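The values are calculated or read from the model by the stated rules, or taken from the named source; none is laboratory data. Keep in mind the model is a prediction, meaning the values are calculated, not measured. Here Cβ is always computed from backbone atoms with ideal geometry, including for glycine, and neighbour counts include all displayed protein chains. Side chains included, ligands, DNA and RNA excluded: accessible areas come from the protein's heavy atoms. Shrake-Rupley method; radii C 1.70, N 1.55, O 1.52, S 1.80 Å.
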Amino acid sequence: MELFKFVYQTKRMKDTLKHKGMRNQLAQILEGKGISDTKVLEAIKTIPRHLFLDSGFEDHAYQDKAFPIGAEQTISQPYTVAFQTELLQIKPNDSILEIGTGSGYQTAVLLHLRAKVYTIERQQELFKKTQLFFRKMHYRPKKVIFGDGYKGLPEEAPFDGIIVTAGAPMVPKALLSQLKVGGRLVIPVGTEEQTMTLFTRKSEKEFEKQELGAFRFVPLLENKN
């Protein structure tokens, strides 16, 4: 029934000039908060965020806020999406692993930047819903996987970038090991509140770590499909 309601909703909802105007305003707000990558801002201006939300949130979709999407998960606020994406420094055809597909909005931003995206979701309800939505919207990640993000995706490694969209109490070693030399892992680390952390792989054994401010995410859970 939930999937039927979702399909019905996406058929009804449209993308209008009004929505495009609100996206332009949102991009200006994010630029004012320090987002400077023009390609990331263009993604925010282009992607219809309201279609990734329940129709009840349509009028609020272009506020810089997180919203519930079911299964005790949220769609991250646009600033967070833009901030994490900017840190990845994506180039066309970069191989990117996303831990936590959620609504698929972050995935769509990565795809807009012409990345090859592998995305993992542990909540079966969201996995099914988002997989259906991608097909309807003609978004084409390389793989959409139902699984444990703590383990990463070793069969497709190494990656140019890995983005984690849930709060990790610790940094999974598997994710660090799956980065290319020169690759970047963007992960919020902490329990109640997280510190956005960027790891850059400098060599086989050396990583550079940067801490980039406080955020709040739902928790990244291990072995909890």
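No other residue among GLY149, GLY182, GLY190 is among the small types (Gly, Ala, Ser) and touching a residue at least 40 places away in the same chain (Cβ under 8 Å) apart from GLY149.
For region 140-173, the set of residues classified as open to solvent by 30 Å² or more (accessible area, probe 1.4 Å) and of a type in the set (A, V, I, L, M, F, W, C) consists of VAL144, ILE145, PHE146, ALA157, MET170, VAL171, listed by residue number. Within region 101-111, can you find the residues that are touching a Lys or Arg at 6+ places or on another chain (Cβ under 8 Å) and open to solvent by less than 30 Å² (accessible area, probe 1.4 Å)? Of everything in region 101-111, just one residue is touching a Lys or Arg at 6+ places or on another chain (Cβ under 8 Å) and open to solvent by less than 30 Å² (accessible area, probe 1.4 Å), namely TYR105.
Residues that are charged (D, E, K, R), on the phi < 0 side of the Ramachandran plot and open to solvent by 60 Å² or more (accessible area, probe 1.4 Å) within region 55-96 comprise ASP59, LYS65, LYS91, listed in sequence order. Among residues of region 159-179 that are under 17 Å from GLN106 (Cα atoms), those with a Cβ under 6 angstrom from a residue that is in a helix (DSSP H, G or I), sequence gap 6+ or separate chain, pair up as GLY161/LEU88; ILE162/LEU175; ILE163/GLN84; THR165/GLN106. So for region 72-94 (the condition being over 23 Å from LYS33 (Cα atoms) and either among the aromatic types (Phe, Trp, Tyr) or in contact with a Ser or Thr (Cβ under 7 Å, 6 or more places away or on another chain) (or both)), does at least one residue qualify? For region 72-94, residues over 23 Å from LYS33 (Cα atoms) and either among the aromatic types (Phe, Trp, Tyr) or in contact with a Ser or Thr (Cβ under 7 Å, 6 or more places away or on another chain) (or both): absent.
Condition (residue is among the acidic types (Asp, Glu), under 30 Å from LYS205 (Cβ atoms) and touching a helix residue (DSSP H, G or I) at 6+ places or on another chain (Cβ under 7 Å)) applied to region 76-96: is it met by at least one residue? Yes, there is a match, as at least one residue in region 76-96 is among the acidic types (Asp, Glu), under 30 Å from LYS205 (Cβ atoms) and touching a helix residue (DSSP H, G or I) at 6+ places or on another chain (Cβ under 7 Å). Checking ARG114, ARG135 one by one, the residue that is surrounded by fewer than 19 Cβ atoms within 10 Å (Cβ to Cβ), among the charged types (D, E, K, R) and at positive phi is ARG114 and no other. The single condition among (1) at pLDDT below 95; (2) more than 15 Å from the chain's Cα centre (by Cα); (3) open to solvent by 20 Å² or more (accessible area, probe 1.4 Å) that ARG122 does not satisfy is (2). Is it the case that GLY56 is part of a helix (DSSP H, G or I), over 16 Å from the mean Cα position of the chain (by Cα) and modelled with pLDDT under 95? So GLY56 passes the test. Taking the numbered list (1) more than 16 Å from GLY104 (Cα to Cα); (2) of a type outside the set (Gly, Ala, Ser); (3) buried (at least 22 other Cβ atoms within 10 Å of the Cβ) in turn, GLN25 passes all entries but (3). Suppose the filter is in contact with an Asp or Glu (Cβ under 6 Å, 6 or more places away or on another chain) and assigned to a helix (DSSP H, G or I); does GLU42 pass it? No: the conditions fail for GLU42. Once region 179-208 is narrowed to residues that are assigned to a loop (DSSP other than H, G, I, E, B) and either hydrophobic (A, V, I, L, M, F, W, C) or at pLDDT below 95 (or both), the residue that is most open to solvent (accessible area, probe 1.4 Å) is LYS205. One residue stands out among those in region 38-54 that are out of contact with any strand residue (DSSP E or B) (no Cβ under 8 Å at 6 or more places or on another chain) and open to solvent by 50 Å² or more (accessible area, probe 1.4 Å): the one that is farthest from LEU126 (Cα to Cα), which is THR38.
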